[in-house]
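These notes are about the structure you will find just below.
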Amino acid sequence: MTVGQQSRGAGNGTASGGRRRSRREEILTIAVGLFAARGYHGVSMDDIGAAAGVTGPALYHHFAGKEAMLVAALVPVSEGLLAGGRDRALGHPGDPRAAVESLIGFHVEFALANPAVIALHLHELDRLPEEPRREIRRLQRLYVEEWVTVLTALHPRLDAAEARVLAHAAFGLMNSTPFLGGEVDRLRCAELLRAATLAALLDHPRR
């Protein structure tokens, strides 16, 4: 189970598909929200326990500390993005535009479901110990390369370095969800983000 799946059930104690989340998953979702709102150093284990209604010993039964929570939140997300990205990139052989659209739809849904995880990744990744931090970076690079492969197929005149520029620009658009207010409903946000990202990737400066 990825954090993305956990976060979608945050309001009612269920995970995606209706399965009731475990206590560990509930605690992790609460911790992610607190870290995103207050920053890693602004949240203590006592704060997390109080928000989750869990006593200290019970909390440490699930997680050794805040670092363990960050690892549990960010590593599965990176693994899930890579696996999902590969599925979409390979799912439309001979049709790079369809592959790009599929990748965009996949990432937009992730970003809308997980704004707190995105905020955590943007601001708190360096809090992780070296080994999991390096693993997350490795998974991220592989995810980017899935986009690069599709973008260079879509735009044969682009080299890989230029395609990475476009990919990261696309991530900037789609990963804006932590900064969006609630004025626009989720379906419309998804539509706007998909359209803006597709337009950015289809129309680029020619050499």
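The values are calculated or read from the model by the stated rules, or taken from the named source; none is laboratory data. It should be emphasised that the depicted structure is a prediction, and the values quoted were computed from it without experimental measurement. Please note: Cβ atoms are built from the backbone with ideal geometry, for glycine as well, and neighbour counts cover all protein chains shown. Surface areas here come from the heavy atoms of the whole protein model, side chains and all, with no ligands, DNA or RNA. Shrake-Rupley method; radii C 1.70, N 1.55, O 1.52, S 1.80 Å.
Summary table below
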quantity: Estimated FRET transfer efficiency (Arg186, Ala68; beta-carbon r; R0 41 Å; 0.05); calculated: 0.85
quantity: Degrees between helix 130-154 axis and first principal axis of the chain (Cα, 0 to 90, nearest 10); calculated: 30
quantity: Solvent-accessible area per residue for region 66-203 (1.4 angstrom probe, square angstrom); calculated: 50
quantity: Between helix 66-90 and the chain: long-axis angle, C-alpha atoms, 0 to 90°, nearest 10; calculated: 30
quantity: Ordering of 141-148, 68-75 by packing [mean C-beta count within 10 Å, highest first]; calculated: 68-75, 141-148
quantity: Heavy-atom accessible area ranking, 1.4 Å probe, most first, across Ser176, Ser22; calculated: Ser22, Ser176
quantity: Farthest toward positive dipole pole in the chain [+1 Lys/Arg, -1 Asp/Glu at C-beta], among Met174, Met45, Leu142; calculated: Leu142
quantity: Charge dipole (debye, nearest 20) of the chain; +1 at Cβ of Lys and Arg, -1 at Cβ of Asp and Glu; calculated: 160
quantity: In sequence order, calculated HN-Hα J values of region 92-99 (Karplus, 6.51, -1.76, 1.60; Hz; x Gly/Pro); calculated: 9, x, x, 9, x, 5, 4, 5
